[in-house]
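Report on the structure given below.
The values are calculated or read from the model by the stated rules, or taken from the named source; none is laboratory data. Bear in mind that the values here come from a model prediction, so they are computed numbers and not experimental data. Cβ sites come from the backbone with ideal geometry, for glycine too, and all protein chains shown count toward neighbours.
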């Protein structure tokens, strides 16, 4: 266990110095914050409508009883699934190979 | 139909589910040898299976029975729950899931305390886990009790005791392996059952949602007219189910409730624990994608089921009294709909699935509560890491029994509450205690031991006190006339209070320990981002 920790610590120093690690942090960080912001803005925009303008969501669309709130609500559910899918796709294609190279300590 | 005596098809199907899951528990018990097996199913669950198990953990009685009943009562407002419950998942994926897997082993406290002094942070985590788990358990017990009352014609009390005993058996003997499989089976059954219900509803309306909504509005309008409203007023009441209504009256309640739902998901201990059952970060990620997909699909079904219940149940003479008012059990709209759509046999199937749903969620909750006591409090704080694996499992099993007794007693005390609402309170606690602690310990270098303990405690206690002072408990349970805290959810106050306290205390913290805490961030970050040095869920 102690030997394991020591070798981990040595590897940590290498990783910090590795430009690929910085690249990973920068790219993944930017991507995850952007996706998080999309979700937060969409959701709290919806919540703000409920808080301040209930009438807008209750307004019927297309001449029937179906209100604007229905497509908006279902749209939010689909957006959540879509954003999750986007992240997984890019993480599998781009971030995983980068992490793997770092873990293996490959030469660039 | 209520109190019409036992429903034998339902009892038979439920008995079959129980027999099958107990057989799985017996099988799992033979495979549960180490601590890693008991807490994390040995870390060998695939992303797809874990995704289903997460969905199983998440699609609780609150989702199925509570939300559909909320829609049945007031229409659109129920959808607000569904959306709030779902939008937390992308946030968990983007900010937490992979980091959790890379840093932790058995409980979320492993992650929250990674670079901090162990005893204080783990003590906080254990108490906050227990608080969240208990509120969540209440909701499930109430759902189960009502269900059995309607279904088997048994008293509420018996039902609550049956759930308590069964969940104890699953967790006690089968640990995480049995719990995971119970979740997976239940998720498949629930998704299948809800799909059939939604299809049966839609087929009546030629798969036109507009036709379904129009019929629901018509039914609600007729009901309002029957209750004595003038024509205009009745039409207005009928149409009101298509938009947000009275549930979140004021802006503060709406925003606060929205925050609790979204961020609470990211602080639920039984959900976070599921990320330790997968082998690596990639599988953790895959499991969130599957979970989000299944849960989102399920919520769309719930919406159809809720409106279907208005169309079929609220117009059915079977459920109306002489004056034309609807008489159904609270929280039971989906079950009544099954009766209206497919008669006794389908009612039996849906009830058995709903009951299975509750059992599975309760098992997951109990396991996470028990792990918090055994792994965080006992092994780390009391025994200072000297406890053997078997010893830890033994403490865990004792806790399971204690939690079961507590859940039964609380279930009896809270019989009358709306279960979806009760769950939202558990979310408020999780959003105010666990979530700020986890997020800042993962992402902010300056965070210190004192900061997270102080901030987490402030958030949790404030949420708890405001909840007790809110109408749901102060008026409904304790019987006072008005509530000192008028809003639906405490999160808008308690969550920022937690973040602010963590920040302030951390910044002011000049203790030697704070130096260690801040210095530990670099290594924590590398491990959380790359998984280098991450524990497999092995026991050594």
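Listed values, structure above:
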| read-out | value |
| --- | --- |
| Every residue from region B:192-219 that is in contact with a helix residue (DSSP H, G or I) (Cβ under 6 Å, 6 or more places away or on another chain) and under 23 Å from residue B:350 (Cβ atoms) | B:193, B:194, B:197, B:198, B:200, B:201, B:205, B:212, B:215, B:216, B:219 |
| Residue check, residue B:239 within 14 Å of chain A (Cβ to nearest Cβ), over 28 Å from residue B:373 (Cα atoms), touching a strand residue (DSSP E or B) at 6+ places or on another chain (Cβ under 9 Å) and in contact (Cβ under 8 Å) with a residue 12 or more places away in the chain | yes |
| Any hit, region B:38-49, residues being more than 22 Å from the chain's Cα centre (by Cα) and without any contact (Cβ under 8 Å) to a residue 60 or more places away in the chain | no |
| Given (1) surrounded by fewer than 17 Cβ atoms within 10 Å (Cβ to Cβ); (2) at pLDDT 90 or above; (3) in a helix (DSSP H, G or I), index of the condition residue B:193 fails | (1) |
| Any hit, region A:44-62, residues being at positive phi, surrounded by fewer than 14 Cβ atoms within 10 Å (Cβ to Cβ) and facing chain B (nearest Cβ under 9 Å) | yes |
| Considering residues of region A:95-105 that are more than 8 Å from every other protein chain (Cβ to nearest Cβ) and surrounded by 14 or more Cβ atoms within 10 Å (Cβ to Cβ) only, the residue farthest from residue B:77 (Cα to Cα) | A:101 |
| Test set (1) within 26 Å of residue B:294 (Cβ to Cβ); (2) modelled with pLDDT under 95; (3) more than 7 Å from chain B (Cβ to nearest Cβ) - residue A:66 fails condition number | (3) |
| Residue check, residue A:72 under 21 Å from residue B:284 (Cβ atoms) and either surrounded by 14 or more Cβ atoms within 10 Å (Cβ to Cβ) or facing chain B (nearest Cβ under 8 Å) (or both) | no |
| Helices (runs of 4 or more DSSP H) completely within region B:11-123 that count 3 or more residues being closer than 26 Å to residue B:441 by Cα | B:35-40, B:47-58, B:77-92, B:98-103, B:108-112 |
| Selection count where residues are surrounded by 14 or more Cβ atoms within 10 Å (Cβ to Cβ) and not in a loop (DSSP other than H, G, I, E, B), scope region B:383-401 | 12 |
| Helices (runs of 4 or more DSSP H) enclosed by region B:407-495 - at least 1 residues per element that are surrounded by 20 or more Cβ atoms within 10 Å (Cβ to Cβ) and either more than 20 Å from the chain's Cα centre (by Cα) or on the phi > 0 side of the Ramachandran plot (or both) | B:434-443, B:449-468 |
| Top-ranked residue in region A:79-91 [being more than 7 Å from chain B (Cβ to nearest Cβ) and free of Cβ contacts under 8 Å to residues at least 40 places away in the same chain; ranked as farthest from residue B:216 (Cα to Cα)] | A:89 |
| Search result, residues across region A:21-42 that are more than 10 Å from chain B (Cβ to nearest Cβ) and in contact (Cβ under 8 Å) with a residue 40 or more places away in the chain | A:23, A:27 |
| Residue among B:430, B:454 that alone is farther than 26 Å from residue B:145 by Cα and at pLDDT 95 or above | B:454 |
